[in-house]
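Structure first, commentary second.
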Amino acid sequence: QVQLVETGGGLVQAGGSLRLSCAASGRTFSSYTIAWFRQGPGKEREFVASISRSGSSTYYADSVKGRFTISRDNAKNTVYLQMNSLKPEDTAVYYCAASSGAFLYRSPDSVSFDSWGQGTQVTVSS
């Protein structure tokens, strides 16, 4: 497993932006497909975005497509989630997760991810 730590959450007004970071330990970061998930109050955890090992492929949930951008810098062992045009319904704890499985153009099952960060809170006010 790889250890993951999310940072960058906070309070922002609707229409604003935040950039989340997911920093990984070790030197095998490029071996993992990385995804962002989120869980709002009283809701199930849901998929947000994923990125392939090289960063050449990405996939987004319909709810964030066009507003969020996932990227990675394997030299820095870091994945980013740029969040623009934030809405109150984006309020959630955001988690990054790592999987040794192959990237697919679909919403992945959370059970396929081996490692999870502790989460970072994003709150969007109206």
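Every number in this text was worked out from the coordinates using simple rules, so none of it is lab data. Keep in mind the model is a prediction, meaning the values are calculated, not measured. Because the Cβ atoms are built from the backbone with ideal geometry, glycine has one as well, and the counts that use them run over all protein chains shown.
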For this session: Please state the charge dipole magnitude for region 1-67, taken about the Cα centre, from unit charges on C-beta atoms (+1 on K and R, -1 on D and E), reported in debye and rounded to the nearest 20.
Result: 120
Exercise. So what is the diffusion coefficient of region 1-114 in µm² per second by Stokes-Einstein at 25 °C and 0.890 mPa s, using a Kirkwood Rh over Cα pairs?
Worked result: 174
Seminar exercise, completed: The lysines whose Cα lies under 26 Å from the Cα of residue 87, excluding any fewer than 8 residues away in the same chain, are 43, 65
For this session: Evaluate the Debye formula for region 47-126 with equal point scatterers sitting on the alpha carbons, no solvent, and hand back log10 of I(q)/I(0) at q = 0.20, 0.22, 0.27 Å⁻¹, in q order, two decimals.
Result: -0.99, -1.19, -1.61
Exercise. Taking Cα pairs under 8 Å and at least six residues apart, what relative contact order does the chain come out at, in percent?
Worked result: 36
For this session: Please give the net charge around residue 44, taking every other residue with its beta carbon less than 13 angstrom from that of residue 44, where Lys and Arg add +1 and Asp and Glu add -1.
Result: +1
Exercise. What share of the DSSP beta bridges in the chain is antiparallel, in percent to the nearest 5?
Worked result: 90
Seminar exercise, completed: Each label sits 7 Å from Cα toward the beta-carbon; between residue 45 and residue 100 the label points are separated, in nm, by 1.9
Exercise. How large is the dipole of the chain about the Cα centre if only Lys and Arg carry +1 and Asp and Glu carry -1, each at its Cβ, rounded to the nearest 20 debye?
Worked result: 260
